[in-house]
Amino acid sequence: MRNQSRLLIAIAVAIVIVVAVFAVSHLPSQPSSATNQPPPSPQPSACPHAVGLCVERNVTRVIDGDTLDVAGNLRIRLVLVDAPELNATGGPAAKDRLTSLCLGKQALVDEDDNQIGDDPYGRVLAVVTCDGTNANAAMISSGLAKPYYIFCSASEFGNEAWTGCSSAPPPPPGNCDPAYPDVCIPPPPPDLDCKDIPYRRFRVLPPDPHHFDLDGDGIGCESG
């Protein structure tokens, strides 16, 4: 009789265990907290509508007042900024200013979409923002560099206030050769040399009848 009672108890316990397991396995699944979270919002682009290069890199070297290097062996030319050469008056001061703005800092490089691959020296033409400061704008506003007026119409950034392009002087009137659209140089004869004209670093278009652009980079009379 005692053995029979033990058997009945064991059977009852087994039935309870089976029922409990069945009930647990058929409970409705609860959605995880992760599935209730809204998807993360996409981060806004650092360079809205960028077609060209848009990268953040550390500035490793400053070449002069309008050129610097960033990590990844990229050399950047500050677009629409014209600083003096190092051997010219104001050149060292311009380099020092750009160095203080950018050297060793994280920089956002926003390539000029309208001038991708246009630099004859293989540099990236871009706006460079160092720790939140637009270095292009800072160099111009400091007076240590000038707006590079002859490229205003070519640049993606030509309409921005910091460039000074809105105050670009119009090409002078007169008998001007179209090969030099931003200055007024009469066509030959006579055949002129750089020493015969007051202009430096101006845009040159083919056929360059005076041969001001001897290295073929599109800029005439680059040195004094």
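The values are calculated or read from the model by the stated rules, or taken from the named source; none is laboratory data. It should be emphasised that the depicted structure is a prediction, and the values quoted were computed from it without experimental measurement. Glycine also receives a Cβ, built like all others from the backbone with ideal geometry; neighbour counts cover every protein chain displayed.
Scan (1) out of contact with any Phe, Trp or Tyr (no Cβ under 9 Å at 6 or more places or on another chain); (2) closer than 22 Å to Gln115 by Cα; (3) touching a residue at least 24 places away in the same chain (Cβ under 8 Å) for the single condition Ala71 breaks and write down its number.
With (1) out of contact with any Phe, Trp or Tyr (no Cβ under 9 Å at 6 or more places or on another chain); (2) closer than 22 Å to Gln115 by Cα; (3) touching a residue at least 24 places away in the same chain (Cβ under 8 Å) applied to Ala71, the lone miss is (3).
Exactly one of these conditions fails for Ser155: (1) over 30 Å from Ala93 (Cβ atoms); (2) in contact (Cβ under 8 Å) with a residue 24 or more places away in the chain. Give me its number.
(1)
From the residues in segment 134-160 that are touching a Phe, Trp or Tyr at 6+ places or on another chain (Cβ under 8 Å) and in a helix (DSSP H, G or I), which one is nearest to Ile219 (Cα to Cα)?
Ile150
Mind listing just one residue for me: the one in segment 194-208 that is modelled with pLDDT of 90 or more and surrounded by fewer than 17 Cβ atoms within 10 Å (Cβ to Cβ) and, of those, nearest to the chain's Cα centre (by Cα)?
Among residues in segment 194-208 that are modelled with pLDDT of 90 or more and surrounded by fewer than 17 Cβ atoms within 10 Å (Cβ to Cβ), the one nearest to the chain's Cα centre (by Cα) is Leu205.
Could you tell me how many of the residues in segment 209-224 are surrounded by 14 or more Cβ atoms within 10 Å (Cβ to Cβ), on the phi < 0 side of the Ramachandran plot and either out of contact with any Cys (no Cβ under 9 Å at 6 or more places or on another chain) or without any contact (Cβ under 8 Å) to a residue 40 or more places away in the chain (or both)?
Selection size over segment 209-224: 6.
Could you figure out which of (1) modelled with pLDDT of 90 or more; (2) out of contact with any Cys (no Cβ under 6 Å at 6 or more places or on another chain); (3) of a type in the set (A, V, I, L, M, F, W, C); (4) more than 23 Å from Ala94 (Cα to Cα) isn't true of Leu144?
Failed condition: (4).
Take the residues in segment 103-126 that are under 17 Å from Phe157 (Cα atoms) and polar (S, T, N, Q); name whichever of them is surrounded by the most Cβ atoms within 10 Å (Cβ to Cβ).
Gln115
Working only within segment 173-193, note down all residues that are surrounded by 10 or more Cβ atoms within 10 Å (Cβ to Cβ) and either of a type in the set (Gly, Ala, Ser) or not in a loop (DSSP other than H, G, I, E, B) (or both).
Ala179
Can you name the condition, by its number, that Ser100 falls short on among (1) buried (at least 23 other Cβ atoms within 10 Å of the Cβ); (2) more than 23 Å from Pro181 (Cβ to Cβ)?
(1)
Please work out which residue is farthest from Tyr149 (Cα to Cα), limiting yourself to segment 164-180 and to residues that are over 28 Å from the mean Cα position of the chain (by Cα) and at pLDDT 80 or above.
Here the residue is Asn175.
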